[in-house]
Amino acid sequence: MRPANKTIIYQVMPRWFGNTHSVRRKNGTINENGVGKFSAFTPQVLAEIRDLGVTHIWYTGVIEHATQTDYSQYGIRRDHPAVVKGRAGSPYAIKDYYDIDPDLADHVPDRMAEFEALVQRTHDAGMKVIIDFVPNHVARQYGSDVRPPHVHDLGQNDNISKAFDPNNNFYYLTNQPFICCTDDNFSDTAYSEYPAKATGNDCFSSSPGPSDWYETVKLNYGIDLMNGWKTYYDPPPDTWLKMRDILLFWAGKNVDGFRCDMAEMVPVEFWKWVIPQIKAAADVCFIAEIYKPDRYRDFIYRGQFDYLYDKVGLYDTLRAVITGHAPAGAITGCWQAIEDIREHILFFLENHDEQRIASDFFAGSGQAGYPGMIVAATLYTNPLLIYSGQEFSERGMDEEGFSGIDGRTSIFDYWSLDTIRNWLSRLDGGLLKDYQRELYQAYTRLLHIVASEPAISKGDFFDLMYVNYDNPHLDTNRQYVFLRKFDREVILIAANFDSSEKNIQINIPPAAFQYLHIPDNQEVICTDLFTGERKTDVLTSACPFRMTAPGHSGKLLKFIY
């Protein structure tokens with residue numbers, strides 16, 4: 001069943017979103033560089049995010065993770081810096097599944113209450129809340145300080161003399177000490193772990209390298225990975241039971257969904273078992289981070305996921321089209337590959353793992369990526385993800401510390417973003433540069449159209465590329481054209497990936513009129529949804545439709561029959 005409204009998810013890291021420090025030091029501490037707090041998401045700020053067109057906020061880095069910041073005065077155990085990436089630490093190296101990242105609280109002892117208040121404020125603003133669930137791995141020094149009294153900690157009852165046991169929570173490299181690959185300059189004592197545990201990226205070595213997820217340990221879901229992948233799922237392994245309880249705990253905090261980190265590294269049998277149980281207890285959605293298209297349908301139909309990442313499909317293709325490494329016509333193959341499951345696929349052009357569109361490693365400007373966003377937002381009824389700062393052409397070219405200059409906004413370091421600070425200071429765009437304000441306005445217009453036009457949020461789709469490959473008046477390398485239709489409304493969409501304005505002519509075949517049940521050659525009022533301009537026009541198979549498509553942009557023309 002198609003959703004009544006299109007889901008627009010806004011991913012944000014509270015750690016840097018509300019950080020007002022403008023002076024930042026590479027590898028700086030929390031005191032030197034500052035940190036954002038939950039309280040930065042005031043009702044006014046949340047209303048502005050909602051008015052962008054957002055329906056869900058994905059708060060990244062909510063659950064407590066390993067960090068080099070000392071919170072021992074609050075009863076939180078310190079982490080050894082040798083197994084923490086960056087001063088702030090990775091939000092995907094979970095240290096306590098039952099606690100909140102203390103960085104994000106104004107008053108650390110009240111951190112859970114402050115998160116609960118954030119959930120309520122977000123709901124009051126008319127949006128839903130998504131948080132990360134990290135099921136595949138935890139921080140090397142995982143240990144819950146606040147778990148409920150009846151809960152046994154991960155690894156607490158493990159038989160560490162065995163490399164594998166179905167009810168062990170971790171995998172062990174018996175009789176081998178862990179050998180750290182980092183040069184730790186922040187501690188007087190060496191990190192010690194014996195026996196060594198397997199590393200989160202399925203590295204079964206006691207000495208993982210710098211490119212491994214050395215700061216994490218792999219969780220055991222009942223698969224003997226070292227002896228032929230034998231499985232032990234009946235009865236459900238102890239890790240399954242613990243993960244179910246953790247999901248129920250957070251569902252009880254009134255969150256509305258979970259983005260499941262590296263879901264494909266956890267057996268689909270677990271998801272099949274756990275997701276229905278959580279959904280029976282709470283109205284939540286599940287989003288899988290997954291990179292293997294041949295497993296998409298298994299994770300939807302057996303695993304019961306609502307939505308899946310589409311990184312290796314539309315994301316990779318749009319990136320290649322934007323940068324001139326693939327023709328726009330290649331987009332057709334993306335929807336064809338997922339035609340039967342399109343409603344379950346999450347489209348995006350940025351997230352915390354990917355390079356910023358405006359970075360030197362991608363397109364060099366946010367505007368150059370805008371035609372890709374038009375396609376991702378309007379191609380079908382499925383959800384769309386936007387990463388905070390994307391709408392302001394955030395470049396991600398700072399050298400924050402651990403992450404270096406890589407075109408991404410660091411998830412490991414204490415930092416702030418000029419674009420976000422300038423926007424938050426006034427919330428009217430007054431301190432943004434002209435090109436940043438123009439892109440923000442363009443995103444707002446596009447997302448409002450997505451939300452308000454039934455043809456886009458729940459309508460049918462018809463690709464026009466196949467009848468235009470021999471069309472000398474449309475460059476299928478740089479333009480992508482298609483139709484959306486609902487009831488008596490049709491929207492003709494043209495995305496222009498070229499930097500210059502193009503006068504194009506679009507062939508619309510008789511099959512489109514037949515498939516979409518629209519009249520051929522009937523004069524109607526045509527509205528440009530970006531500008532509001534209206535004029536009399538006609539769609540017909542008898543001759544091409546003419547339009548002017550702005551550079552690094554596009555047109556959405558609406559016809560009502």
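The values are calculated or read from the model by the stated rules, or taken from the named source; none is laboratory data. This is a predicted model, so every value here is computed, not measured. Note that each Cβ is placed from the backbone with ideal geometry, even for glycine, and that neighbours are counted across all protein chains shown. Surface areas here come from the heavy atoms of the whole protein model, side chains and all, with no ligands, DNA or RNA. Shrake-Rupley method; radii C 1.70, N 1.55, O 1.52, S 1.80 Å.
Can you give me the % of accessible surface on the stretch 1-91 that is carbon or sulfur? Probe 1.4 Å, all protein chains present, nothing else counted.
Carbon-and-sulfur percentage of accessible area, whole number: 47.
Can you find, among ALA117, ASN422, LEU557, the residue sitting farthest towards the positive end of the charge dipole of the chain, where Lys and Arg contribute +1 and Asp and Glu -1 at Cβ?
The listed residue farthest towards the positive side: LEU557.
Report the antiparallel proportion of the DSSP beta bridges in the chain as a percent, rounded to a multiple of 5.
Antiparallel bridges: around 65 percent, rounded to the nearest 5.
Can you run the Rg to Rh ratio on the stretch 132-290? Use alpha carbon positions and the Kirkwood inverse-distance Rh.
When Rh is taken as the Kirkwood radius, the ratio is 0.98.
Tell me, what is the FRET efficiency for ASP470 and MET397 to the nearest 0.05, using R0 = 56 angstrom and their Cβ-Cβ distance as r?
Given R0 = 56 Å and the Cβ-Cβ separation, E is 0.85.
With unit charges on the beta carbons (Lys and Arg positive, Asp and Glu negative) and the dipole taken about the Cα centre of the chain, which residue among THR67, GLN367, ASN136 sits farthest to the positive side?
Result: GLN367.
7 Å from Cα along Cα→Cβ at both ASP153 and TYR561: what's the point-to-point distance in nm?
So the label points at ASP153 and TYR561 sit 6.7 nm apart.
Describe numerically, in nm with one decimal, the distance between label points set 7 Å from Cα along Cα→Cβ at ASP316 and at SER499.
Placing both labels 7 Å along Cα→Cβ, they lie 2.8 nm apart.
Roughly to the nearest percent, how much of the accessible area of the stretch 455-561 is carbon and sulfur, given a 1.4 Å probe?
On the stretch 455-561, the fraction of accessible area on carbon and sulfur atoms equals 45 percent.
Would you please put 407-413, 535-541 in order of how densely packed they are, using the mean number of other Cβ atoms within 10 angstrom per residue and starting with the highest?
Averaged packing, sorted descending, gives the order 407-413, 535-541.
Of ILE493, PHE286, ALA320, which is farthest on the positive side of the dipole of the chain, counting Cα position, with +1 on Lys and Arg Cβ, -1 on Asp and Glu Cβ, and the Cα centre as origin?
Projecting each Cα onto the dipole axis, the largest value belongs to ILE493.
Which option, [x] 23.7, 82; [y] 27.7, 84; [z] 24.8, 80, is the value of Rg and Dmax of the Cα atoms in Å that was calculated from these coordinates?
Step by step, Rg and Dmax of the Cα atoms in Å for this structure corresponds to label [z].
What is the chain's relative contact order, in percent, from Cα pairs under 8 angstrom and six or more apart in sequence?
14
Quote the charge dipole size of the stretch 96-221 about the Cα centre in Debye, to the nearest 20; the model charges only the Cβ of Lys and Arg (+1) and of Asp and Glu (-1).
Charge dipole, the stretch 96-221, about its Cα centre: 540 debye, nearest 20.
Hey, can you list the DSSP H helices of the chain whose Cα span along the axis is 18 Å or longer and whose average Kyte-Doolittle score is at least 0.0?
Passing helices, by number: 238-251, 268-281.
What's the carbon and sulfur percent of the stretch 257-368's accessible surface, probe 1.4 angstrom, rounded to a whole number?
Taking all protein chains in place, the stretch 257-368 shows 49 percent carbon and sulfur surface.
Assigning unit charges at the beta carbon (Lys, Arg +1; Asp, Glu -1) and nothing else, what dipole magnitude in debye, to the nearest 20, does the stretch 362-408 show about its Cα centre?
240
Using a ≥ b ≥ c from the Cα gyration tensor of the stretch 96-170 (square roots of the eigenvalues), is it rounded, prolate or oblate, where a/c under 1.5 gives rounded and otherwise the larger of a/b and b/c decides, a/b for prolate?
Taking the square roots of the gyration eigenvalues as a ≥ b ≥ c, the stretch 96-170 is prolate.
Please give me, ordered by residue number, the trypsin sites (Lys or Arg not before Pro) of the stretch 117-190 that lie in loop per DSSP and have at most 14 other Cβ atoms within 10 Å.
Taking the stretch 117-190 and a limit of 14 other Cβ atoms within 10 Å, the loop trypsin sites (Lys or Arg not before Pro) found are LYS162.
Suppose all protein chains stay in the model; what accessible area per residue would a 1.4 Å probe give for the stretch 47-114, in Å²?
Per-residue value: 28 Å².
What is the dipole size for the chain, taken about its Cα centre, with +1 at each Lys and Arg Cβ and -1 at each Asp and Glu Cβ, in debye to the nearest 20?
It comes to approximately 740 debye.
Grab the other residues whose beta carbon is less than 13 angstrom from that of PRO371, score K and R as +1, D and E as -1, and report the net.
+1
Ranked highest first by the average count of other Cβ atoms within 10 Å around their residues, in what order do 500-510, 222-232 fall?
My ranking of the peptides, most packed first, is 500-510, 222-232.
Just to confirm, what accessible area per residue do you get for the stretch 275-414 at 1.4 Å probe, in whole Å²?
Normalised by residue count, the accessible surface of the stretch 275-414 is 30 Å².
What does the highest-first list of 427-438, 477-488 look like by mean Cβ count within 10 Å?
Put in order of decreasing packing, that is 477-488, 427-438.
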